[in-house]
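S.K.: My questions all concern the structure below.
The values are calculated or read from the model by the stated rules, or taken from the named source; none is laboratory data. Values in this document were obtained by computation on a predicted structure and should not be read as measured data. Every residue, glycine as well, gets a Cβ built from its backbone with ideal geometry; the counts of neighbours run over all protein chains shown. We work out accessible area using only protein heavy atoms, side chains counted, and drop any ligands, DNA or RNA first. Shrake-Rupley method; radii C 1.70, N 1.55, O 1.52, S 1.80 Å.
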Amino acid sequence: MVPSRLRARADPRLARLTTQRRHSFDIRLDVWWADLVEPLARLYGERAEETAARLVEVAATAYASRPDELHDLDERRLNAPDWLQRPGMVGYACYADRFAGTLAGVGERVGYLRELGVTYLHLMPLLLPREGDNDGGYAVADYRHVRPDLGTVEDLRNLATRLRGEGISLVLDVVLNHVAREHEWAVRARAGQKRYRDYFHVYPDRAMPDSFEETLPEVFPDFAPGSFTWDDELTAWVWTTFHEWQWDVNWANPDVLIEYADIITFLANLGVEVLRLDAIAFTWKRLGTDCQNQREVHDLTQVLRSLARIACPATVFKAEAIVGPRDLVPYLGTGSHVGKVSDLAYHNSLMVQVWNVLASRDARSAKQALAALPMTPPLGTWICYLRCHDDIGWAIDDRDAAAVGADGWLHRRFLADWYAGAVPGSWARGLVFQDNPVTGDRRTSGTAASLIGFDAGQEELEPSLARLFLAHALVYGWGGIPVVWSGDELAQSDDPEWMCEPGHEDDNRWAHRPRLDWVRAGERGDLRTVPGKVFQSLVHLARVRARLPQLHASAVATVLAGTDDGVLAVAKHHASGPFVGIYNVTGSWRPLRLDVVHAAGVVDPVNALGDHDVTAGPDGLVWLAPYAAWWVVERR
Ligand code: GLC
């Protein structure tokens, strides 16, 4: 129960609401109270109670100022708690300026998104960043203003409203781990204000930074080595995991939590429906560790998620934790955090494995890795994607590689080389990102088209189309929300002029963030063209997916054993009937034993993607064409 002295902190803020609305707030506070306060005690000890009281105030203020139509949306979402998990969900991610110039421009392109079946739109950072290089907007100077070249806060609200009217949920980043050196908190810290110095990790000398760095990996070893930066004005070292102008905030200080609680409800009240918690893995530091994935990260998320459930339940959380497979599932909730943290998380493992199977022409290590993933909680939903705005880090687990007799380090190296086109026979034309000579680690940049073979000459065109379809079929057929990275729906290649914009020269992730080519988009209806083939194949996947209840995100995906080394088969178990995704990851014909499909429960199988029967020869084998991708279900 909510102690009455804390509950009373809400009263003045709710006073002007109707009895009914006040009552709803009380119910939510009651329901979510335990989830909100339990982690606070672990995080903040004797400051927990006062922090809880301040959170009640934040929740009440936000609730009282939430527009009526968003209260309606809350009601809708509470009535359909699985809205994110339904097979009709399809996502798209882009930079507003690179896609359509401005926020108003995005509104004018809604028709294009609807054609693709989009119901979820992630606009890359658009809150006011620092001037100059700002890591694609991930160095926020002011969370309450929009980049002036894109529009205003009012334009953002209008866009969210327009999208909502079209059945599209707006997704925005909340950069949680750091702010720009130019953010007001950092400005005040630099001016010597103690309250704000405490918002950051500040050290007078190298003693603590050196101790931390013994176990800290570097995120950008090429252009931002080390994790601490000396600041002359601060006359101290400050923690900077990413660039020197991105200052990590100190989440061990409850004042920081309150600030972000306020920012989250501000964005929610503009109509943002999904908040992408950027770089969340890094938010809690612990000496002697890599300072990622600490238990407290999940406690913090639980507090903020509970707050949102009270103030603005239509808004959900997406964890951006690009971490190893075994650290990933806790972001959707494991142990005591089940159902209490993020609703969505990036399926980084699936993304890596899709690229892995295509380069290796072998599905064995992917089967091992995907089968070894811990169970996901029933309301947890994966963001399934082939590419995003970031590089690909080759998160192949040593244990998964070893299980199929491979060496993890060598295999990661092979993948980085393959996708840079540096292995004989490779059709990929990507770029090496952050070559770390100390660890041997290399990552990869490139659009889906450049990585999958479209730049490797005419003879690779047909196989590239087949590979891209296969890759997208895997992503759309896994059961989370498939999210297409802007330009990939038209098979746009890397931007050859990526380095020409000031501030981008050292960061080749800009190669795979091209401006949408609207001339190319004009060919999307013409099946004789590459953009037409690729765009229409995504339209097809979205349509078929929407009518398969088996692809509801709550249906557990199981990798099937007993298939050919070149074939990946994934079953989904759902009350509406079984589903088996079958993918030949090689460029040659491969056999599949029909009894594998029967054993998964499909008696009379058809391929829903091609509308044909799945039949075997007298030997019980079905032959799969090169790069075949089938979604096998029961004939109706
Ligand atoms: C996330 C973003 C990435 C950015 C980093 C720092 O990983 O996806 O683009 O560089 O956070 O904010």
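S.K.: List pairs: first residue in region 170-195 and under 26 Å from V297 (Cβ atoms) and of a type in the set (S, T, N, Q), second residue within 16 Å of the ligand (Cβ to nearest atom) and part of a strand (DSSP E or B) anywhere in the structure, Cβ distance under 6 angstrom, at least six positions apart or on different chains.
M.R.: Taking only residues 6 or more apart or on different chains, the pairs are N177/D248.
S.K.: Next question, about the same structure. Among the strands (runs of 3 or more DSSP E) contained in region 591-636, which hold 2 or more residues that are among the aliphatic types (A, V, I, L, M) and at pLDDT 95 or above?
M.R.: 621-624, 629-634
S.K.: Another question, then. Tell me the residue from A402, A395 that is closer than 30 Å to G339 by Cβ and open to solvent by 10 Å² or more (accessible area, probe 1.4 Å), please.
M.R.: Of A402, A395, the one residue that is closer than 30 Å to G339 by Cβ and open to solvent by 10 Å² or more (accessible area, probe 1.4 Å) is A395.
S.K.: How many residues are without any contact (Cβ under 8 Å) to a residue 12 or more places away in the chain, of a type outside the set (A, V, I, L, M, F, W, C) and in contact with a helix residue (DSSP H, G or I) (Cβ under 7 Å, 6 or more places away or on another chain) if we restrict to region 1-47?
M.R.: Residues meeting the conditions: 1.
S.K.: Among the residues of region 197-205, is there at least one that is modelled with pLDDT of 95 or more, away from the ligand (no atom under 16 Å from the Cβ), in contact with a Leu (Cβ under 9 Å, 6 or more places away or on another chain) and more than 22 Å from H122 (Cβ to Cβ)?
M.R.: Yes, region 197-205 contains at least one residue that is modelled with pLDDT of 95 or more, away from the ligand (no atom under 16 Å from the Cβ), in contact with a Leu (Cβ under 9 Å, 6 or more places away or on another chain) and more than 22 Å from H122 (Cβ to Cβ).
S.K.: I would also like to ask the following. Quick check, is R413 crowded, with 19+ Cβ neighbours inside 10 Å and more than 30 Å from P81 (Cβ to Cβ)? Explain how you work it out, then say what you get.
M.R.: On the way: crowded, with 19+ Cβ neighbours inside 10 Å: no; more than 30 Å from P81 (Cβ to Cβ): yes.
For R413, the condition - crowded, with 19+ Cβ neighbours inside 10 Å and more than 30 Å from P81 (Cβ to Cβ) - is not met.
S.K.: To continue, here is another question. On the basis of being buried (at least 20 other Cβ atoms within 10 Å of the Cβ), basic (K, R) and more than 21 Å from the chain's Cα centre (by Cα), does R467 make the cut?
M.R.: yes
S.K.: Given (1) touching a residue at least 12 places away in the same chain (Cβ under 8 Å); (2) open to solvent by 10 Å² or more (accessible area, probe 1.4 Å); (3) closer than 22 Å to K340 by Cα, where does W251 come up short, assuming only one miss?
M.R.: (2)
S.K.: Filter region 200-231 for residues that are assigned to a strand (DSSP E or B) and under 23 Å from V256 (Cβ atoms) and give the result.
M.R.: Within region 200-231, F200, V202, Y203, A224, F228, T229, W230, D231 meet the criteria.
S.K.: Could you please let me know if V118 is under 23 Å from G487 (Cβ atoms) and at pLDDT 95 or above?
M.R.: Judged against the criteria, V118 is a match.
S.K.: In region 333-342, what count of residues is obtained for those that are buried (at least 24 other Cβ atoms within 10 Å of the Cβ) and out of contact with any Phe, Trp or Tyr (no Cβ under 6 Å at 6 or more places or on another chain)?
M.R.: Residues flagged as buried (at least 24 other Cβ atoms within 10 Å of the Cβ) and out of contact with any Phe, Trp or Tyr (no Cβ under 6 Å at 6 or more places or on another chain) within region 333-342 amount to 2.
S.K.: Kindly indicate whether G453 is touching an Asp or Glu at 6+ places or on another chain (Cβ under 8 Å) and either among the polar types (S, T, N, Q) or on the phi > 0 side of the Ramachandran plot (or both).
M.R.: Taking the combined requirement at face value, the residue satisfies it.
S.K.: Quick test for you: out of R77, R21, R66, pick the one residue that is at negative phi and touching a Pro at 6+ places or on another chain (Cβ under 9 Å).
M.R.: R77
S.K.: Select, from V31, V2, the only residue that is under 36 Å from the mean Cα position of the chain (by Cα), farther than 14 Å from V58 by Cβ and assigned to a loop (DSSP other than H, G, I, E, B).
M.R.: V2
S.K.: Would you mind stating whether L36 is closer than 27 Å to V153 by Cβ and open to solvent by less than 40 Å² (accessible area, probe 1.4 Å)?
M.R.: When the stated conditions are applied, L36 does not pass them.
S.K.: If you don't mind, there's one more thing I want to ask. Working carefully through the options T18, T51, T61, find the one that is in contact with a Lys or Arg (Cβ under 8 Å, 6 or more places away or on another chain) and hydroxyl-bearing (S, T, Y).
M.R.: T61
S.K.: Among the numbered criteria (1) more than 16 Å from the ligand (Cβ to nearest atom); (2) out of contact with any Cys (no Cβ under 6 Å at 6 or more places or on another chain); (3) touching a residue at least 12 places away in the same chain (Cβ under 8 Å), which single criterion is violated by V475?
M.R.: (2) is the only condition that V475 fails.
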